[in-house]
Amino acid sequence: MSDIHVNTPWQERKQGASTREREDYARDRARIIHSAFFRRLQGKTQVLGLGESDFYRTRLTHSLEVAQIAGGIVEYLHEKYQHTDYARFIPSQNLIESIGLAHDIGHAPFGHGGEVALNYVMRDDGGFEGNAQTMRICTQLGEYSDDDGLNLTRRTLLGLIKYPTTYSQVVNHAIYDEKKAPLNIDSFKPPKCSFFDCDSAYFSWIIAPFCSEDIKRFTEFNHTTSHFKTQFKSFDTSIMELADDIAYGVHDLEDAIALQLITQKQWKHEVIDKINHSFPTYQRGGVVANISDDLFSGKNRIRKKAISYLVTYFVSQIEMVKQRVFKHELLDLKAMMPENVCAELTALKHIVATNVIEIPEVQTLVYKGQQMIVRLFEAIDSNPQRLLEKKHYDKYLRQDTQSAKRRIICDYIAGDTDEYATRLYHKIFTPSNGSVFDRL
């Protein structure tokens with residue numbers, strides 16, 4: 001299988017010369033895997049809180065699965081479209097796996113609840129959003145250069161742009177409810193964006209090879225009553241997002257069934273019946289109905305085989321579509337699934353959300369994590385010299401504005417694992433915890 005032949009500016013890095021294309025994307029993959037930010041994903045919540053069991057997935061194992069599924073999608077597309085004009089735009093294994101591995105590297109501690117908490121404390125200073133933090137790590141905070149983070153290739157970075165806009169362009173401050181805060185900060189869910197305003201120069205560098213007409217269309221967003229939303233993604237991003245959805249819908253479902261959080265009765269009612277209702281002419285729940293007994297057999301081997309079958313099924317339904325909206329193929333091409341298959345995957349994601357993520361037992365842990373992050377941020381913001389680690393405090397002192405200083409505190413907390421944030425919280429606020437010899 002050959003790598004992409006679109007080799008003009010896409011292997012370029014902001015810093016340093018490019019070598020051969022395959023080496024470039026392989027180097028991206030290595031830099032991500034060996035990054036401390038990537039390793040910390042093993043200590044960050046995926047769906048269920050860490051410490052409850054050693055069985056289910058963390059944000060790290062989720063990222064590995066997304067990379068593997070994305071690689072499977074690319075392999076399938078190469079085979080299906082090898083004799084078409086668009087084959088040369090299909091990403092290589094190294095490229096798509098790099099995108100899959102890094103797509104959640106900016107994930108905050110305590111899951112999306114932690115993301116909301118950081119957006120709340122940063123609401124007047126540029127906000128916080130996990131995808132934007134991913135780009136900040138890849139372009140500034142990573143270990144491989146002083147000024148350009150992991151210093152990844154332009155095309156890898158393009159694939160990580162899920163929402164091509166900056167925070168200020170899509171935020172709607174009117175929906176934030178200050179009256180309930182800080183005890184209830186649910187209204188402070190951040191707008192979906194891929195860049196903080198302070199990082200917008202890197203955004204411009206990534207999309208510079210596109211013509212001005214494509215750039216204008218690519219960065220358009222819809223006005224809604226909530227936050228505004230972008231409309232388009234690059235071809236590579238569409239592959240990664242399908243892999244992400246499959247990993248969430250199928251593998252997180254596996255965890256929920258294994259831990260008996262979802263019963264076969266719920267499965268029939270919330271998945272099979274819903275699909276049959278939406279598509280009455282479709283075959284009795286489609287493929288998800290055929291493996292119901294295997295999923296709930298109670299035997300790991302049989303359940304795992306059913307999960308593998310589901311992944312293979314979804315991957316094999318993916319198509320390349322030309323949108324006829326953009327001039328450049330990397331923006332105009334899109335990976336997508338037929339409507340009925342999307343309905344099946346959506347039903348899987350929905351049953352996990354309603355029976356796992358949204359239950360009070362999980363939401364209590366989410367709330368606790370949010371409150372810890374808010375108190376940690378406020379304490380450090382008021383006492384940076386006493387509470388901020390030296391390397392972060394030195395960087396803090398170099399900032400010109402208070403908002404820039406708070407961004408350093410935000411970077412520090414966002415990079416914490418769930419366990420580290422919990423121990424730091426107790427070290428600061430629990431009288432019986434903490435010692436001058438603690439290294440956290």
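Worth pointing out:
- Residue that is nearest to Phe128 (Cα to Cα) [pool: residues in region 62-89 that are open to solvent by 40 Å² or more (accessible area, probe 1.4 Å) and part of a loop (DSSP other than H, G, I, E, B)]: Tyr86
- Residue match in region 412-422 (condition: over 22 Å from Ile105 (Cα atoms), assigned to a helix (DSSP H, G or I), open to solvent by 30 Å² or more (accessible area, probe 1.4 Å) and of a type in the set (Phe, Trp, Tyr)): no
- Filter pass, Arg31 being modelled with pLDDT of 90 or more, within 26 Å of Glu358 (Cα to Cα), of a type in the set (Lys, Arg) and open to solvent by 40 Å² or more (accessible area, probe 1.4 Å): no
- Qualifying position, being in contact (Cβ under 8 Å) with a residue 40 or more places away in the chain and over 14 Å from the mean Cα position of the chain (by Cα), among Leu152, Leu160: Leu152
- Residue count for region 64-100 under the criterion of being free of Cβ contacts under 8 Å to residues at least 60 places away in the same chain and of a type in the set (A, V, I, L, M): the result is 2.
- Single residue of Arg155, Arg59, Arg136, Arg123 found to be surrounded by 22 or more Cβ atoms within 10 Å (Cβ to Cβ) and within 20 Å of Arg406 (Cβ to Cβ): Arg136
- Test result for Asp146, surrounded by fewer than 22 Cβ atoms within 10 Å (Cβ to Cβ), among the acidic types (Asp, Glu), in contact with a Ser or Thr (Cβ under 9 Å, 6 or more places away or on another chain) and free of Cβ contacts under 8 Å to residues at least 40 places away in the same chain: no
- Some residue of region 185-202 being without any contact (Cβ under 8 Å) to a residue 40 or more places away in the chain and either assigned to a loop (DSSP other than H, G, I, E, B) or open to solvent by less than 30 Å² (accessible area, probe 1.4 Å) (or both): no
- Residues being assigned to a helix (DSSP H, G or I) and open to solvent by 10 Å² or more (accessible area, probe 1.4 Å) - total across region 90-112: 4
- Qualifying positions in region 362-410 - assigned to a loop (DSSP other than H, G, I, E, B), in contact (Cβ under 8 Å) with a residue 12 or more places away in the chain and surrounded by fewer than 18 Cβ atoms within 10 Å (Cβ to Cβ): Glu389
Matching residues to (1) at pLDDT 95 or above; (2) touching a Cys at 6+ places or on another chain (Cβ under 8 Å); (3) farther than 21 Å from Glu143 by Cα:
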{"residue": "Leu365", "(1), (2), (3)": "no, no, yes"}
{"residue": "Leu376", "(1), (2), (3)": "yes, no, yes"}
{"residue": "Glu389", "(1), (2), (3)": "no, no, no"}
{"residue": "Leu397", "(1), (2), (3)": "yes, no, no"}
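The values are calculated or read from the model by the stated rules, or taken from the named source; none is laboratory data. Note that the structure is a prediction, hence the values are computed from the model and not measured. Ideal geometry is used to build each Cβ from the backbone, glycine not excepted, and the neighbour counts take in all protein chains shown. When the accessible area is computed, the model is the full protein with side chains, heavy atoms only, and any ligands, DNA or RNA have been set aside. Shrake-Rupley method; radii C 1.70, N 1.55, O 1.52, S 1.80 Å.
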